[in-house]
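The values are calculated or read from the model by the stated rules, or taken from the named source; none is laboratory data. Because the structure is a prediction, the values reported are computed rather than measured. Note: ideal-geometry Cβ built from the backbone for every residue, glycine included; neighbour counts use all protein chains shown. Keep in mind that these areas ignore ligands, DNA and RNA; they rest on the heavy atoms of the full protein, side chains included. Shrake-Rupley method; radii C 1.70, N 1.55, O 1.52, S 1.80 Å.
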Amino acid sequence: DVSSPKHGKVDPDNMPHVGGNMWAGGTGGRDTAGLGGKGGPYRLDAGHRVYQISQAEKDAVPEEVKRAAREMGEKAFKRRLKEIQMSEYDASTYERFSGAVRRQVQSLRIILDNLQ
């Protein structure tokens with residue numbers, strides 16, 4: 001079961017973590033920032049294979065936990081914007097332009113990775 005959202009502990013060795021309720025950047029777990037899990041405050045990709053839980057499990061997260069996770073995610077987003085000296089308007093403008101070319105940028109990254 002989910003209890004309350006949190007960032008989670010950072011693994012100094014960046015080992016892959018699947019499931020559980022402890023590590024930031026893990027996959028398929030609960031309550032912590034990561035991918036493929038439930039109840040975490042925001043998505044955090046540590047570069048590992050993603051293990052996805054079922055949509056039914058995600059839908060079963062209590063509303064108060066979802067609300068707390070959204071609030072925590074919004075605070076982290078605003079804190080990050082402040083760190084990089086960007087306003088919410090700047091972020092939405094960036095997202096609009098970035099979204100328009102996202103697929104092309106991804107294709108270019110794949111080509112460059114293959115060339116290396």
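In terms of solvent-accessible area of protein heavy atoms at a 1.4 angstrom probe, what is the ranking of LEU112, LEU44, LEU81, highest value first?
Listed by decreasing accessible area, they come as LEU112, LEU44, LEU81.
What is the spin-label model distance, in nm, from ILE111 to SER54 if the labels are put 7 Å beyond Cα along the C-beta direction?
4.3
Over the Cα atoms of the chain, what Rg and Dmax result, in angstrom?
16.2, 48
If I take every Cα pair under 8 Å that is 6 or more residues apart in the chain, average their sequence separation and divide by the length, what percent do I get for the relative contact order?
Across the chain, relative contact order equals 17 percent.
Please give the helix 88-115 orientation as an angle from the longest Cα principal axis of the chain, in degrees from 0 to 90, rounded to the nearest 10.
Roughly 70 degrees between the two axes.
Label point 7 Å out from ARG43 along Cα-to-Cβ: which residues of segment 50-80 have amide N under 14 Å?
Only 50-53 fall inside the zone, counting backbone N under 14 Å.
Residues of segment 1-85: accessible area per residue at 1.4 Å, in Å²?
The answer is 67 Å² per residue.
Report the accessible area of LYS58, computed with a 1.4 Å probe over the heavy atoms of all protein chains in place, in Å² rounded to the nearest 10.
For LYS58, the solvent-accessible surface is approximately 50 Å².
Which value, in Å² rounded to 10, gives the accessible area of GLU83 with a 1.4 Å probe and all protein chains present?
So the heavy atoms of GLU83 present about 120 Å² to solvent.
Would you list HIS17, HIS7 from the most to the least accessible area, probe 1.4 Å?
HIS7, HIS17
Under 17 Å Cα-Cα from LYS78, which lysines qualify once same-chain neighbours fewer than 8 residues away are excluded?
Straight-line reach from LYS78, under 17 Å: LYS6.
Order ASP1, ASP11, ASP59, most accessible first, counting only protein heavy atoms with a 1.4 angstrom probe.
In descending accessible area the options line up as ASP1, ASP59, ASP11.
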